[in-house]
Each structure stands twice: as structure tokens, then as C-alpha cells.
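**Q** Could you have a look at this structure, given as C-alpha cells, before my questions?
Each reported figure results from applying straightforward, stated rules to the coordinates on display, with no laboratory input. All figures in this text were calculated on a predicted structure; none of them were measured in a lab. Cβ sites come from the backbone with ideal geometry, for glycine too, and all protein chains shown count toward neighbours.
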Amino acid sequence: MDGAMGRQYELVYVLQPQLDENGINSFDGRVRDVITAQGGSDIATEIWGKRTLAYPINRFFEGVYILHRFQMPPAGADEVDRTLRFSEDVMRYLLMRKDD
Amino acid sequence: MSEQINPTPELDESGPAAEVTQISAKPPVYIEDLTDSDEVEDESYEDEREDEEEGFRAPEQYVEREGSGRPRRIGSDVRYDDIDYKNIGLLSRFLDRRGRILSRRKTRVSAKVQRKIVREIKRARHLALLPYTADQTRIVRKRR
């Protein structure tokens, strides 16, 4: 356990497909800002792009997948979670601790 | 990592020959092969198939089947660290045609590995990387 220094997290979220490039980038930026504000660092991003969903969500058949890996003190997780939960563009998200 | 996963159990001594050919013509289990052709009629014989699997538990029969049947092979090359919700190709080998998670009796993997597979499949389902049921997939495919 690295305790208060920060833990390794992995975050994936699925955005609504009708967002354009700008919308995606600005949302992505917002998420990074929240993470940084919570003391997160080493943010690595993988944009998987638009994928077909395995089942429809909110009548959408595609979604934009974005993955972040970062280091953050555990206290910040609630705030990141809240940001994603209250964002209407996020159809699904998964925030996980990656302990090795 | 063989692409050929044979989803049909052995039917040698049981079942008429016509049935055998019908079943073996079906595509492999993994998700990409869920086609629109699996309709209601599949379900009836899939249940039959399960009943037959109940019947082949005797050890000596089991040895005979070595190397030919699905049960021993499906998860034998899976490394614990490769099991991840992002690794959809691998996880979909552990789903049947209707999107259900295969039981440990069918996958023949260790309890530890099976637990991890189940956990990661459920994560992938939440993110819509894998279906909860096969007809959800059919809906998406029809749209495209």
C-alpha cells in the first residue's frame, strides 16, 4: 500500500457518440483537471475512439471510449466519481484501483 | 491461442446422425460470431445439449475425449494477468452463444482464474464491451 502518497487508478468512460472532436477534448480536459485538482499525477490517456456498443444505451449504438491511468491519493476518488456521475455526456464509467 | 474452439460436445454414441451434422455446422462460441441466424430454434437444442453434458461425467469416457472436446481446452492457455476487462477477445471465449458466462464445469479452469474471469466479464458488460444477453447484440447489429 502506498497510502496517502497516492494509489494507481484506472478510469474508463464512455461518452455519447454525437459529441464532436472539440466536445470530446474539452470533456477529457475537464476530467484531467479534476484529477489534477485532487492531487493526481502521471495521467496517461488512451483514446479508443468510437466503438459499437454491445447493447444500446440511451438509444445510442456507439460510444466514445476514453481510458486514463493515473496516480492519486485515495481521498480524491469521490470527487472524480462525482464528476463523472453528474456529467450527462457520460453513459458509463468505471473507476478502479489498480493494485500490483 | 487456437482460433478453433469447438462449441459442440461429443455426440458419438448418442443422437441420430442428422442431429450431429446440424450441430457441428454451428459457428464457434465467441461473440463475433453471434449471427442473426441464431433464432428460437437454437434454444431448444441448446438445452438438449446441456442435458447430454450431464451424462458424460464418467472418468474413463473423459480420458477418451482428451484432445478432441472443448471442456479441457477452452481456458488452458489463459494467463492470470491477461484476464482483464479490456481483453474482450479472450473474455468472449468464456461466453456461450447467448452471452452467458460458461460454468467452471465447461471451462475447466481453476477457481481463482474463473473468479477473475467472471469479475472482468462483469466489468466489461457494464461498459458495454460485452453483451448481457445475445439479443441485445442482435438489436445493435440490425441497426447498422
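**Q** 7 Å from Cα along Cα→Cβ at both B:Val118 and A:Glu79: what's the point-to-point distance in nm?
**A** Each label point lies 7 Å from its Cα, and together they span 3.8 nm.
**Q** Using only alpha carbon pairs under 8 Å that are at least six residues apart, calculate the relative contact order of chain A and give it in whole percent.
**A** Rounded, it is 47 percent for chain A.
**Q** Hey, what angle do you get for helix A:21-37 against the long axis of chain A, alpha-carbon based, 0 to 90 degrees rounded to 10?
**A** 20
**Q** Ignoring solvent entirely, what values of log10 I(q)/I(0) come out of the Debye formula for chain A at 0.14, 0.19 Å⁻¹ when each Cα is a single scatterer?
**A** -0.51, -0.88
**Q** Arrange the following residues from fewest to most other Cβ atoms within 10 Å of their Cβ: B:Thr107, A:Thr83, A:Thr45.
**A** The fewest-first ordering by Cβ neighbours comes to A:Thr45, A:Thr83, B:Thr107.
**Q** Which of the lysines could a cross-linker span from A:Lys98 if the Cα-Cα distance has to be under 23 Å and same-chain partners fewer than 8 positions apart are dropped?
**A** Of all the lysines, those that pass the test against A:Lys98 - Cα under 23 Å, at least 8 places apart if same chain - are B:Lys86, B:Lys112, B:Lys116, B:Lys122.
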